[in-house]
Structures are given as structure tokens and as C-alpha cells.
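The values are calculated or read from the model by the stated rules, or taken from the named source; none is laboratory data. Note that this is a predicted model, so its numbers are computed, not measured. Virtual Cβ from ideal backbone geometry, glycine too; neighbours counted across all protein chains shown.
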Amino acid sequence: MAFPSGSLGYWLRRRLGMSEVRREKFVLAMKRLNEILDAVIHHRMGGIGLGILSFFVTLAIIAPFLPIPAPQYSFTDGQGRYLATVDPSWEHPFGTDQNGRDILSRVIWGSRISLVVGLMASVIAAVLGTLVGLISGYWGGWRDEVLMRVNDILLSLPWLALLIVLAQILGGTLSLNVIILTIGLTSWNFTARVVRAQVLSVRERVFVERAKASGASSLSILRKHIFPNVFPLVFANTILTVAVAILSESTLAFLGKVDITNLSWGVVLEDAFGSSAAINGHWAWIIMPGLALVFVILGFSLLGYALDEILNPKLRER
Amino acid sequence: MTPTALIEVDHLKTYFDTRSGTVRAVDDVSWKLEKGESLGLAGESGCGKTTTALSIIRLLPKNGRVIGGHIQYAGKDLATLKESDLRKIRWKHIAIVFQGAMNALNPVKRVSWQIAEAITIHDVVASDEAETRVDELLELVGINPKRKDDYPHEFSGGMRQRVMIAMALACRPKIIIADEPVTALDVMIQAQILELLQRLREELDLSMILISHDLSVIAETCDKVAIMYGGKIAEYGPAEEVFLEPQHPYTQGLIRSFPDIYGPRDLPPWIPGQPPNLLEPPAGCRFHPRCPQAFADCQVRDPPLFETGKDHVAACLLRAPHT
């Protein structure tokens, strides 16, 4: 397949200097990606989810270019007092907070940290969960025993309490990296369970025996035969984990356990809570970051379910 | 022992350790396969056909082990060969066409990749060389090479079985073990696949071990046949002789239980009872509880294989030479 000069494919080929075979594989992979994207868009739930997420991700990316005040900028009146907790107006569509900062701007900028924490933490959880699931499912025996008991312990520990204690040990608040790491390290159990269950089923299939018969090593069977069969599950699961991770971060922020310079929706909500926004009638202050959270979580959930349905060959209608 | 035998299984014993005891799935089985020959392993479910075949390349479940006997192949004893050496024999020398082609193909991998997998494991080849080989193989089994980048679910049952055969041929093996190759297919496709196997055998000078519970399939394709019962060989000989003049009462029963298309429309006679529990096989001849011709001696004496013709043996006391 030849790319017309000037096209993206041509550029990529020149750039990566791909061989004939690799290029063909690349084209196939791209085609597959296109198919999946197409299926997601035509899947009602997936389409809605993707739409919601695109909206928030776009906002997060273009935040610096939007005509909104900086999230940390405090508006003051002539006497140098904060224009605190003003009601929604044209100037401040969601009102201002206790320090006279524009809430709309804070919600938009807050999406950055919320999304980054959610995505990074779930990538960590996905990698860990997949490794654990593959190892304990494929080799079984004592490995399975040990890994699954660790999993049980993590499942039965109240992670929130764990995180709060951790925050206390680390000096009262958690930095961004620590938050990502801890959320990631505590949310791999579900992925591991799901992957393990699937591996248990896949490894008994005849094609695994066939691969063994043709002389393939365990590692290559795991990598080339079993992993591709569980990957869709991991993918769909990771998307679902993002929702949970975002919520976890918000919860921690709301409880005041994170470094507030990492502005997230949870931080905005904590400010609102600290200023008794609900009692004082500053509805937008609570509802707007809350809605943002709900929609993003809904978006990830919808996309996750849609992908599960699309990528799972058994659920796919043909 | 003739020097021409390609593979010779000698007093093979394969047992399974289970929670309720040791299952003697294959108990003292011997046969040999000459070059270019095809051997049929026939018998009821659970009589040790597949286990015998899988023992050859030691592809047994975790609880199974070969505990005795020899498998002579090309001057080596496969029964005691190191796992790493055995891996080189697998597929390169002895390949398998698995039962149930749907599950034997990885649903998320393209057919071409799956066929090429075995090639790239055993031979160091450039990827375009493997590609050409895949094309050749598909052509050989009668599939348009244009379809090589399809997924298994885009193929019909018969085509999947053809892909399995192409896969088995990938490394130009000398022996092919076909485990129930036509079992889940309809009769028309069965005929096509069997014809394909026959043609390939002649073209590529292959030897074949065909496992089937369907005697007609074996009668159609095999030169030699081994009828197995309860983990042992009941009768072994040239296919024609075994089917026309069965010597063992079990073989006779099996053949009688086939309806005759020219005969009256009656239910054909069957063999009453069930195959023996291999945890505690009956003493003496394993077939005696179901044998219409059993006599007192059968309950205590385990019959060895008695010669009843050239290369034809039967494990039945009725065939004991009168001394």
C-alpha cells in the first residue's frame, strides 16, 4: 500500500523509516483502530461517552487559551477586599469563591489534575493488575495463592483510611505523584481478578495446547496467545478504573488530604464545603464541579461499557 | 523389530494421578508405524486413543505421565527424551491436527500469523519467506491465499479444519497425528477433508496416525488399524483384514453395531455395558464383563496379543494357539 506524498501515513513512514512488513502491520493496526472508533461512535452509549469525554478533554487542553481569568487570581473591590462568594453573573458565570477567585475558571483548570490523576493512576493499576492476573492465572500454584491473598488483603483494607494514614505520615498532605501512585497501587485488584478469571478460561483452550505442541515457550504463549485474548478486557476495565480513580482523588481532596496547589474538582468542592456554600446558598459553587465530576465519570463508564461490548468477541454481533 | 519402522511404540504406559487414584489410561500398548503408512486408532471414548497419541510428544495434562515403555523415533527414545530436545521434535517432525478446529485457532489472531507461528519458532526465516510459505500451505489445503489475513471466525468449519491441516504441515513434518479430524463436520465436508489428508499423504510422503471413534473413517483412510479397549490394544492388524475378519469379540461387536444399508431395517446389535473404569480395571481380560464369548479363564488371565495372521494380533484367549 502506497501513501500519497504529503499524507499523514507518508510522513509517518518517512519519519519512522518502517520496513515493508512493519508498514503493512502498521496499516492493519490503524485500520483496526479506525474500525473500533467507528463502532464506538455508532454504539449509542459509547458515542455519548466519547462525546462527553471529548468535551472535557478539549476544555482541559485549551484551558490556557480560553478568555477566563487565571484560577488563582483573586478579584478585589476598590479597597483591596476580596470579591468573595459573589453570585453567578455574566462576569463570573459560576460566581466566585471565598478568596474571590472565579469558579468557572477553577472548574475548567481543575479538570486537568482530575483527568491526569485518573488516567495515570489507572494505567498503573492496569499494568499491575494485568501482570498479576496473567501470572496467577497462567502458572497457578503458589504464585496464584500468594498474589490472590495479597489481593484479598487489599480488597478488605479500607483504602480511604489507608490513604489518610499515609497522608498523615507524609506530612499531612499528599503530593500529586504520591496520589497517583497510591491510587494506582490500591486499585489493581479488580483488574487482576478479571484478568485471572479470563486467563483461567483461555489457557484451557485448544489453541494454547496447539501452540505448546508447536514448540512455543510459556512466555511466548502468554505474550502472543493469552494476552491478546485478555487485552480487550483490560482495556475496557482500565477505562472504568479511570472513573473510580478520579472519584478517589476528589474524595481525598475533599477531605483536605491533598496539596491544594494541585487544583482539582475535589479541591474546589473542599473550598465550597469549608465555606459552608450549601448553607449560604452558593449553589453553583457545589453543583458545577459536582456536575463536572458526574459527567466525566459517566463518560468513562459509558465508554468502558461500550468498549467491553465492542471488543469482547463474544458480545460482538456479526 | 524391523529397521524400516518410522516410529515404534513399545509397551507404553501412561497413567494419570487423580484425587480418587491412578487412572491407567494407557496400559502396555505397542504398535509401529512404517514410513508412508497410516495407522488408525479406534475405540470408544476414554479408551486411551488420544492419550496414546499425545504421549508420543508428551503433551499430556499436568497430572499425566509416561511411566513405562519406549517410543523409538529416529534412533531416539521419545519417552525419556529431555523436554528441550522434545520441543525440537514437536511440529518439526511430529505435528498434530487437533480435534475441534474452532477452539484450536486463536480467535483474536489472523490465520496467517497462526500458521507462521510454528514456522518462526522452528526455522530462522525472514518474515517474507514465512509469508510465502503460508501462501503455499494454504494453496496446498485448498484455501485461497487471499484470505490469509482473515480471522478464524470468518471461516467455515471445513475451512478451519483445512487451516489446522495447513498449520500441521507448516514445518514439513514426517508424521501427522490427526485427532478426530472430521468429528464435528458434516458428512460432505468429512469426505473432502479425508480426501485432502489422503492426497497430502501421497504428495508429501507423510505418515499419519488417525484417531477416530468412527470406524468408517478409519476404514476409508488407514492401512493399519489398532482397536483399543480400556487402555489396551484389543486388536491390531492391516485395516482390511481387521474389518473383514475381526478376531477379537470386541472388534466383532463394534463392526456388527454398524447398520447394514442392504440388510433389514432393524436396530443393529450393540455391545451392552460400559467401558471399564480405568481406576480399577476388571481383573483378567478387561473386556470380559461385556464379552458374549467370555469363559471362566477370562476373569483371571489377562490375554497377551496372540498372532492370528501376518502382522495381525488380537488380545483374546479364544485366539490362543492350542498347545
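Looking only at segment A:58-99, residues that are outside any loop (DSSP other than H, G, I, E, B) and surrounded by fewer than 16 Cβ atoms within 10 Å (Cβ to Cβ) come to 6 in all.
B:ILE121 passes every criterion in (1) crowded, with 18+ Cβ neighbours inside 10 Å; (2) within 12 Å of chain A (Cβ to nearest Cβ); (3) more than 22 Å from B:ILE57 (Cβ to Cβ); (4) without any contact (Cβ under 8 Å) to a residue 40 or more places away in the chain apart from (3).
Among the residues of segment B:299-307, are any under 15 Å from B:CYS47 (Cβ atoms) and in a loop (DSSP other than H, G, I, E, B)? No; the residues of segment B:299-307 include none that is under 15 Å from B:CYS47 (Cβ atoms) and in a loop (DSSP other than H, G, I, E, B). Out of everything in segment A:199-238 that is hydroxyl-bearing (Ser, Thr, Tyr) and more than 7 Å from every other protein chain (Cβ to nearest Cβ), what residue ends up being farthest from A:LEU115 (Cα to Cα)? The qualifying residue farthest from A:LEU115 (Cα to Cα) is A:SER217. Take the conditions at negative phi, among the hydroxyl-bearing types (Ser, Thr, Tyr), surrounded by 17 or more Cβ atoms within 10 Å (Cβ to Cβ) and within 13 Å of chain A (Cβ to nearest Cβ) and apply them to B:SER84. Does it pass? No, not satisfied.
Candidates are the residues of segment B:61-103 that are part of a loop (DSSP other than H, G, I, E, B) and polar (S, T, N, Q); the one that is farthest from B:GLY21 (Cα to Cα) is B:GLN99.
Yes/no matrix, rows are residues, columns are (1) at pLDDT 90 or above; (2) under 28 Å from A:ILE52 (Cα atoms); (3) out of contact with any strand residue (DSSP E or B) (no Cβ under 8 Å at 6 or more places or on another chain):
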{"residue": "A:VAL86", "(1), (2), (3)": "no, no, no"}
{"residue": "A:ARG101", "(1), (2), (3)": "yes, yes, no"}
{"residue": "A:THR130", "(1), (2), (3)": "yes, yes, yes"}
{"residue": "A:TRP159", "(1), (2), (3)": "no, no, yes"}
{"residue": "A:LEU163", "(1), (2), (3)": "no, no, no"}
{"residue": "A:ALA167", "(1), (2), (3)": "no, no, no"}
{"residue": "A:THR182", "(1), (2), (3)": "no, yes, no"}
{"residue": "A:LEU185", "(1), (2), (3)": "no, yes, yes"}
{"residue": "A:ARG193", "(1), (2), (3)": "yes, no, yes"}
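Look at segment B:141-170: where a residue is more than 12 Å from chain A (Cβ to nearest Cβ) and a partner is surrounded by 15 or more Cβ atoms within 10 Å (Cβ to Cβ) and aromatic (Phe, Trp, Tyr), sitting 6+ places away or on another chain with Cβ atoms under 8 Å, you get B:ARG147/B:PHE155.
Take A:ILE124 and decide whether it is under 16 Å from A:VAL268 (Cα atoms) and either touching a residue at least 40 places away in the same chain (Cβ under 8 Å) or in contact with a Cys (Cβ under 8 Å, 6 or more places away or on another chain) (or both). No; evaluated as a whole, the condition is false for this residue. Take the conditions (1) farther than 22 Å from B:LEU210 by Cβ; (2) in contact (Cβ under 8 Å) with a residue 12 or more places away in the chain; (3) within 11 Å of chain A (Cβ to nearest Cβ); B:ILE67 misses just one of them, which is (3).
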